[in-house]
Amino acid sequence: MKKVWLAIILTVGTGFFFWVFLTTRNYVIKSSREITFVVKRGESIKEIAQNLKKEKLIVSELRFYFSVFLDGSYNKLQAGDYLLNQGMGVGEIVRKFVKGEVLPRESEVTIIPGWTIKDINNYFSTLNIFQKEDIDKILKSYQSSDYGFLADKPKSLDFEGYLFPDTYRIFKDESLSFLIKKIFDNFDNKLTVNLRNEIKRQGKTIFEIITMASILEKEVQTFEDKKIVSGLLWKRLKVNMPLQVDATLGYITGKTSLELTKNDLSLASPYNTYTNRGLPKGPISNPSLESILAAIYPQESQFWFYLSANDGQTIFSKNFEDHKKAKIKYLR
């Protein structure tokens with residue numbers, strides 16, 4: 001009987017020892033700095049243990065060996081990227097490897113309607129998910145013949161207006177070049193054959209539509225108002241009246257409508273729609289599909305003027321006198 005009790009005590013004691021040995025945290029390492037640790041496919045237990053110790057995630061390779069072999073998980077460790085910290089116990093680390101609690105290999109990037117290429121470039125640079133790549137250099141590698149929607153884009157201009165706003169899923173280590181291709185492919189799909197035929201039927205070019213849409217994106221908030229402003233601006237172009245759009249000046253000055261000065265209104269620039277008649281030199285933002293549709297399907301009205309009130313509401317006027325009164329009422 002004594003032998004039985006002795007065996008039980010030894011078994012429990014040994015089990016307790018290994019439990020403490022394997023699951024206690026690495027108190028020698030006080031930092032809780034998070035580290036992305038990679039378990040490569042086909043990597044041996046020894047290699048994993050050595051890499052863990054190298055990253056100071058464990059203090060003893062022997063602990064790791066015991067934990068893996070004693071519970072029979074030596075052939076259950078899953079490859080992948082893991083987020084670990086130096087305060088974790090060996091048992092915690094092994095359980096993560098067994099369960100396959102890997103970091104997601106996909107992430108999302110979202111291009112906001114109305115952003116310029118500069119805005120997009122700044123956004124990408126803050127994500128730290130791409131290697132240092134020059135977006136301008138990547139875009140310059142594309143030719144007008146690569147996509148039908150680029151055929152009428154002047155070669156002297158960049159690709160402003162053609163980086164379609166949307167949310168894009170990207171895989172880990174995916175290049176910026178591949179994402180740019182996804183963006184262009186998305187634009188190609190969204191601008192359907194029916195839309196292209198309608199643009200052609202109207203005697204317009206895709207470039208003109210995108211330029212108009214880029215203005216609507218920056219000037220107006222709702223789809224209904226965009227359609228009315230679209231009709232108003234196309235009507236002005238038809239009678240050779242200056243568009244007088246603040247957003248085109250904002251594109252070259254970086255100022256809002258309220259910040260623009262009289263000197264700004266007389267700036268010598270092909271994007272100044274106060275001093276130049278017709279559309280600006282090119283798109284001033286990357287417009288949404290909604291703005292593109294508004295540019296293609298304008299709504300006729302009796303209005304010739306509009307302004308954006310401080311609360312974002314669009315105020316329309318039939319003549320210049322009413323427009324001046326609206327400015328006094330809504331902008332002061």
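Only one entry of Leu232, Leu195 meets the criterion of being under 28 Å from the mean Cα position of the chain (by Cα) and surrounded by 14 or more Cβ atoms within 10 Å (Cβ to Cβ), and that entry is Leu195. Taking the numbered list (1) within 23 Å of Ser317 (Cβ to Cβ); (2) out of contact with any strand residue (DSSP E or B) (no Cβ under 8 Å at 6 or more places or on another chain); (3) crowded, with 19+ Cβ neighbours inside 10 Å; (4) of a type in the set (Asp, Glu) in turn, Glu160 passes all entries but (1). Contact map, region 314-332: first residue under 20 Å from Lys227 (Cα atoms), second residue assigned to a helix (DSSP H, G or I) and small (Gly, Ala, Ser), Cβ cut-off under 9 Å, separation 6 or more or different chains; pairs are Ile315/Ala326; Phe316/Ala326; Ser317/Ala326.
Of the set (1) part of a loop (DSSP other than H, G, I, E, B); (2) surrounded by 13 or more Cβ atoms within 10 Å (Cβ to Cβ), all apply to Leu139 but (1).
I want to confirm something. Restricting to region 66-112 and keeping residues that are within 24 Å of the chain's Cα centre (by Cα) and in a loop (DSSP other than H, G, I, E, B), which single residue is surrounded by the most Cβ atoms within 10 Å (Cβ to Cβ)?
In the first step, residues of region 66-112 are kept if they are within 24 Å of the chain's Cα centre (by Cα); the result is 81, 83, 102-112.
Remaining after also requiring in a loop (DSSP other than H, G, I, E, B): 102-105, 111-112.
On the way: Val102: 16, Leu103: 13, Pro104: 9, Arg105: 12, Ile111: 21, Ile112: 13.
Once the filter is applied, the top-ranked residue is Ile111.
Within region 113-132, restricting attention to residues that are among the aromatic types (Phe, Trp, Tyr) and outside any loop (DSSP other than H, G, I, E, B), the residue that is surrounded by the fewest Cβ atoms within 10 Å (Cβ to Cβ) is Tyr123. Testing Ala326 on (1) within 37 Å of the chain's Cα centre (by Cα); (2) in a helix (DSSP H, G or I); (3) of a type in the set (Gly, Ala, Ser), one condition comes back false. Which one is that? Here Ala326 meets the rest and fails (1). Hey, does region 258-267 have a residue that's under 21 Å from Gly203 (Cα atoms) and either in the same structural domain as Ile117 (by TED's automatic domain parsing) or over 32 Å from the mean Cα position of the chain (by Cα) (or both)? No; the residues of region 258-267 include none that is under 21 Å from Gly203 (Cα atoms) and either in the same structural domain as Ile117 (by TED's automatic domain parsing) or over 32 Å from the mean Cα position of the chain (by Cα) (or both). Could we say that Tyr162 is assigned to a loop (DSSP other than H, G, I, E, B), under 21 Å from Ser125 (Cβ atoms) and either more than 21 Å from the chain's Cα centre (by Cα) or among the aromatic types (Phe, Trp, Tyr) (or both) here? Yes, satisfied. The C-beta contact set for region 191-218 (first residue over 12 Å from Gly148 (Cβ atoms), second residue of a type in the set (S, T, N, Q) and surrounded by fewer than 15 Cβ atoms within 10 Å (Cβ to Cβ), distance under 7 angstrom, 6+ apart or interchain) is empty.
The values are calculated or read from the model by the stated rules, or taken from the named source; none is laboratory data. As the structure is a computational prediction, the values presented were derived from the model and not from experiment. All Cβ positions, even for glycine, are placed from backbone atoms using ideal geometry, and neighbour counts span all protein chains on display.
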